[in-house]
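Heads up: the structure comes next, in structure tokens.
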Amino acid sequence: QPSPLCKLPAWCGVDMSELATADADGADSPFRDSPHGAKVDALRLLKSRGGNAFRMRLWNSPCAAGQCNASRFAHANLTNVLRMARRVAEANLSFILDLHYSDWWADPLHQAKPLAWQELPLPVLKRTLRAYTRRTVAAFVAQGTPPAAVQVGNEITFGMLWERPGEACARGGRLACAGDLFGSKVDLAAWRRLGALVDAGMRGVREACPRCEIAIHTSLGNRIAEFSSVGIGDWYELLLNHTTSPSFDRIGLSLYPAYLAPHPSSRPASALENIDALASLARRFPGKRVYIAETAYPQRGTAPPPHRFAASPLGQYEYLRAVLSRLAQALPEAQRGGVLWWERNESCDDALFSPSGVASPALLHGFVHGRLPRHYLKAAEPSSSRASADGLRFMAAATSGAM
């Protein structure tokens, strides 16, 4: 049975945007639920193991400026994302559309305008953004797969649709051009520009799909120790103050143990402590669900500090279950938005599948209610594990069914 913490509208799922590349669009799955098991469809496996959501990124025109291999990233074009939405619907999972508004990665360090939009002045850019969003979301509605939610931008911590190098900041939606993100020296002119762009995106979503939820995703979950939950709340408050369309529904935060900013005192940050701080964020925005839009933890390689969980299959499972548990403690039920695991491909250390395609304990048991099979503990060999005493106590609770 799914975990009580994985009941819609709280999402428990993955972003496996490159799935169609890995499994030939469902025709040749490399995935198994055990080393000697039969091949299984990853989406149906996710659903059978308590998952309920699948997020996928959409790029305007992948690699249009030659910055990447267009065939390698064809999964991110509209035709293929529409195809994946149909597969997700067939698997009875909620589909979350992640609009990057770029031809390549959009993240805290990269927010390049699509090639086709680079010459547009800001007023025209706003109209173009709104029309593109409306037309794109309408395509999903028309084929009978309306998204459960649309992310207007991806990790827009420092804005989106940035100006090109050498151009004036006012030609795009970059934040902190002549001041800070928030606080006494905040750059309000930059916020007005970003707010107008986000507003255009939200209006486009509502025009095409009035029932679709809207999520605003930043990487600020990584920076709670640095900025405090008050600073994170100030960011979302500034966005609200500079948009006029019906408000967004969800606050999405990336939270990666490997990328946490330290405390101002240089004390290492903790992902779980950052989650605890979300309680005050929820109180500040009582009508919005808060979710972890991206997270991951290695099942091999090196564990990120503070090394609470081993870089092992069991350590990865421990981490996911701890995140879900701490979210439940920090957030009232009406504001629990869930957690999405970000998986680039199976060669990465923090993937939910091994390089040979075998599902990890985190995928098989992280989203379900009940005991972890004891054979996982026997294989863990605690005497040689780097897991801390906290991690071993957590495993004891998991195998007893306490979680």
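The values are calculated or read from the model by the stated rules, or taken from the named source; none is laboratory data. Since this is a predicted model, take the numbers as computed values, not measurements. Ideal geometry is used to build each Cβ from the backbone, glycine not excepted, and the neighbour counts take in all protein chains shown. Please note that ligands, DNA and RNA were not included when accessible areas were found on the heavy atoms of the full protein model with its side chains. Shrake-Rupley method; radii C 1.70, N 1.55, O 1.52, S 1.80 Å.
Tell me yes or no: at least one residue of the stretch 139-152 is surrounded by fewer than 17 Cβ atoms within 10 Å (Cβ to Cβ), assigned to a helix (DSSP H, G or I), within 23 Å of the chain's Cα centre (by Cα) and of a type outside the set (Asp, Glu). Within the stretch 139-152 (the criterion being surrounded by fewer than 17 Cβ atoms within 10 Å (Cβ to Cβ), assigned to a helix (DSSP H, G or I), within 23 Å of the chain's Cα centre (by Cα) and of a type outside the set (Asp, Glu)), the answer is yes, since at least one residue qualifies. Residues in the stretch 201-223 that are closer than 16 Å to Tyr132 by Cα, in contact with a helix residue (DSSP H, G or I) (Cβ under 8 Å, 6 or more places away or on another chain), part of a helix (DSSP H, G or I) and open to solvent by 10 Å² or more (accessible area, probe 1.4 Å): Arg203, Glu207, Ala208.
Scanning for something closer than 26 Å to Val150 by Cβ and modelled with pLDDT of 95 or more, does the stretch 302-321 turn up at least one residue? Yes, the stretch 302-321 contains at least one residue that is closer than 26 Å to Val150 by Cβ and modelled with pLDDT of 95 or more. Among the residues of the stretch 94-108, those that are open to solvent by 10 Å² or more (accessible area, probe 1.4 Å) and closer than 12 Å to Leu161 by Cα comprise Trp104, Trp105, Asp107, Pro108. Of the residues that sit in the stretch 110-120 and are open to solvent by less than 60 Å² (accessible area, probe 1.4 Å) and either part of a loop (DSSP other than H, G, I, E, B) or modelled with pLDDT under 95 (or both), which one is nearest to Ile156 (Cα to Cα)? Of everything passing the filter in the stretch 110-120, Gln111 is nearest to Ile156 (Cα to Cα). Which residues, counting only those in the stretch 304-324, are surrounded by fewer than 23 Cβ atoms within 10 Å (Cβ to Cβ), assigned to a loop (DSSP other than H, G, I, E, B) and either hydrophobic (A, V, I, L, M, F, W, C) or out of contact with any Phe, Trp or Tyr (no Cβ under 9 Å at 6 or more places or on another chain) (or both)? Across the stretch 304-324, the qualifying residues are Pro305, Pro306, His307, Ala311. Restricting attention to the stretch 164-178, and to residues there that are open to solvent by less than 30 Å² (accessible area, probe 1.4 Å) and touching a residue at least 40 places away in the same chain (Cβ under 8 Å), which single residue is nearest to Cys209 (Cα to Cα)? Here the residue is Gly173.
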